[in-house]
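Heads up, the thing below is written out as structure tokens.
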Amino acid sequence: MTSKKYFLLPLLAVAALSACSGMSEQGKSTAVGAGIGAVGGAVLTGGSAVGTVGGAVVGGVVGHEVAK
């Protein structure tokens with residue numbers, strides 16, 4: 001099981017990073033904002049699903065507006 005994990009984690013990381021290669025700057029900024037907002041919302045609400053989703057929405061909107 002551990003050998004599979006050490007193989008899959010770098011593979012997933014490369015796939016996730018390459019997914020952003022064709023995105024516009026505004027799209028990248030929105031995605032980064034949503035990710036940071038989701039983490040912040042989860043931390044501030046103790047892992048609540050509503051807090052995580054709310055943070056992602058707010059972060060995405062802020063990221064979208066910053067990139068304009």
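Kindly provide the helix-only [θ] at 222 nm of the chain, computed as the sum of -39,500 (n - 2.57) over DSSP H runs of four or more divided by all residues, to the nearest 500 deg cm²/dmol?
Details: 3 runs with 55 residues, N = 68.
Theoretical 222 nm ellipticity from helices: -27500 deg cm²/dmol.
Averaged per residue, what accessible surface does the chain expose to a 1.4 Å probe, in Å²?
On a per-residue basis, 72 Å².
Calculate the spin-label point distance for LEU12 paired with VAL50, positioning each point 7 Å from the Cα along the beta-carbon direction, and give it in nanometres.
Label at VAL50, label at LEU12, 2.9 nm between them.
Would you compute, for the Cα atoms of the chain, the largest minus smallest coordinate along each principal axis and list the three values in descending order, in whole Å?
Largest to smallest, the principal-axis extents are 41, 33, 11 Å.
Within the accessible area of the chain, what % is carbon and sulfur when the probe is 1.4 Å and the other protein chains stay in place?
Here it works out to 76 percent.
The values are calculated or read from the model by the stated rules, or taken from the named source; none is laboratory data. Computed from a predicted model, the values in this text were never measured in an experiment. A quick note on method: Cβ atoms are made from the backbone with ideal geometry, for glycine too, and the neighbour counts reach across all protein chains shown. Heads up: the accessible areas ignore ligands, DNA and RNA and are worked out on the full protein's heavy atoms, side chains in. Shrake-Rupley method; radii C 1.70, N 1.55, O 1.52, S 1.80 Å.
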